[in-house]
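Below is one structure, written out as structure tokens; comments come after it.
The values are calculated or read from the model by the stated rules, or taken from the named source; none is laboratory data. Bear in mind that the values here come from a model prediction, so they are computed numbers and not experimental data. As a convention, Cβ positions derive from the backbone with ideal geometry for all residues, glycine included, and neighbour counts pool all protein chains shown.
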Amino acid sequence: EGHGTGTAVGDPLEVNAVSMAMNNQRSPTEDPPLLIGAVKTNIGHSEAASGLSALIKAVMSVERGIIPPTRGVTNPSPAIKWKEWMVEVPTKPTPFPELPLKRFSINSFGYGGTNAHVIVESADSLLVRKQNYKYRSAQIKAVRTPRGAFNRSRPYLLAFSAHDKGALERNFAAHSASAKGYDLLDLAFSLGNRRTTFPVRGFTVTSPQTLQKSQLGDLVIGAKKKVPVIGFIFTGQGAQW
């Protein structure tokens, strides 16, 4: 999906750039041409929402498996080397090629030289496939395995916070002295999700294997970020400087 400037200079430049990016690993004799289009020919220029219009087109096209035509293509520009660049504009509804994935790339230019590119891909590969066999109840055994038996060497982040630095250090020391008596998974979850967050914060990284040999380790106390001084400059001429 191209931006489609609609100008004699812009269109060949964009198509050439798209071809260089998308067709550099494709064979001109074995692979079909890359299908390109622009929704502006169908609905006009939607200005600030033009990128959103292209995204809607891409999503609907991927969902339905049909590439919509680009309206009004009667005299293709001779400045675009259609065969050499391996590109083609569909002028009628075209089914997606028989490939594992349906993929739509959206090219969109912004005022001032910005260039946004979004890739929309079908979710077929992420959907759960049909199960071609069934489990028998006799094959399922109720075996309870302690959580501590898993990921003995995996590091865990323990987060701490307090009203001031002294309270934070005391809080950490108390947890460090008694941590061996608790399941590290429970401790990490409780500290990260079931404790009030205060202004002064710190953390340590440890693992069940390390905890058996020593205490929690070193506490890293967060430093307050410096607030940058921001200045706004308005030139009065849009994107020109």
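Tabulated data for the structure shown
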item: Test: residue in segment 188-198 that is modelled with pLDDT of 90 or more, under 13 Å from Gly222 (Cβ atoms) and of a type outside the set (Ser, Thr, Tyr); result: yes
item: Conditions (1) more than 18 Å from Met20 (Cα to Cα); (2) in contact with a strand residue (DSSP E or B) (Cβ under 7 Å, 6 or more places away or on another chain); number of the one not met by Thr41; result: (2)
item: Neighbours by Cβ (under 8 Å, 6+ apart or cross-chain): first from segment 188-204, over 13 Å from Leu157 (Cβ atoms); second of a type in the set (Ser, Thr, Tyr) and surrounded by fewer than 14 Cβ atoms within 10 Å (Cβ to Cβ); result: none
item: Single match in Ala116, Ala179, Ala123 (criterion: modelled with pLDDT under 90, under 30 Å from Ala58 (Cα atoms) and touching a helix residue (DSSP H, G or I) at 6+ places or on another chain (Cβ under 8 Å)); result: Ala116
item: Matching option when the condition is buried (at least 17 other Cβ atoms within 10 Å of the Cβ), at pLDDT below 90, among the aromatic types (Phe, Trp, Tyr) and touching a Lys or Arg at 6+ places or on another chain (Cβ under 8 Å), among Phe96, Phe109; result: Phe96
